[in-house]
Each structure stands twice: as structure tokens, then as C-alpha cells.
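Written below as C-alpha cells is the structure these notes are about.
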Amino acid sequence: MDAKRVGVGRVVIGLTNEETLVLSDLLHRWERDGTQSGLAFEDQAEQRVIWDLTALLEPVTDGAFSADYLSSVTRARDALRDSTE
């Protein structure tokens, strides 16, 4: 993952396929059940950012609509998780 400023008021974030899949899954869960699970937005603008980012990531998320979506997310999480050794 990397981030850089590009011009005035813009930031570009680069993600690996695994990072994109894990982030997309997390954002989708927040969007789906955020208020029910205790995730409270302090302002509607925060919810708007979640919605917009989810929509941006959806078409570029490998495996987002595949039959083995859950296994893809599990593999991506495993690849990104900190080593316990």
C-alpha cells in the first residue's frame, strides 16, 4: 500500500489485489450493518465516503462476484495478516 499527493487537494492510494479485496469487504460490511453493529457515524459525510469508496472498489475487486468469494477473502486476509512468529 502506498499513498502520494497529486496536485492540490488530491491523494492517490495504491493497493494490492489482496488489500483491495479485504478493504472492499470491510467497507461493504460497514455500509451494510454499520449502525446495527455499533459503528456510529458522527456526520453523514463519513457515511458518504464509505458509500463512495465501496462503489469505487467494487468493479476493481478481484473475485467480488465469484462463487468462492469467501475463500478469496480468507486467502487475502491470510496473506496480509501479521506473522505471529
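What follows is calculated from the coordinates using simple rules that are stated; it is not laboratory data. Just so you know, these numbers come straight off a predicted model, no measurement behind them. Note that we place each Cβ from the backbone using ideal geometry, even for glycine, and neighbour counts take in every protein chain shown.
Tell me yes or no: at least one residue of region 10-31 is small (Gly, Ala, Ser) and on the phi > 0 side of the Ramachandran plot. No, because not a single residue in region 10-31 is small (Gly, Ala, Ser) and on the phi > 0 side of the Ramachandran plot. Screening Gly7, Gly63 for residues that are assigned to a loop (DSSP other than H, G, I, E, B), small (Gly, Ala, Ser) and either surrounded by 12 or more Cβ atoms within 10 Å (Cβ to Cβ) or touching a residue at least 60 places away in the same chain (Cβ under 8 Å) (or both) leaves exactly one candidate, Gly63. Here Ser83 passes the criteria (1) in a loop (DSSP other than H, G, I, E, B); (2) in contact (Cβ under 8 Å) with a residue 24 or more places away in the chain except the one numbered (2).
Residues checked against (1) loosely packed, with under 10 Cβ neighbours inside 10 Å; (2) without any contact (Cβ under 8 Å) to a residue 12 or more places away in the chain; (3) part of a loop (DSSP other than H, G, I, E, B):
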| site | (1), (2), (3) |
| --- | --- |
| Leu26 | no, yes, no |
| Phe41 | no, yes, yes |
| Trp51 | no, no, no |
| Ala67 | yes, yes, yes |
| Ser72 | no, no, no |
| Ala79 | no, no, no |
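You will find that of Leu26, Leu56, Leu21, the residue that is closer than 22 Å to Asp82 by Cα and out of contact with any helix residue (DSSP H, G or I) (no Cβ under 6 Å at 6 or more places or on another chain) is Leu26 and no other.
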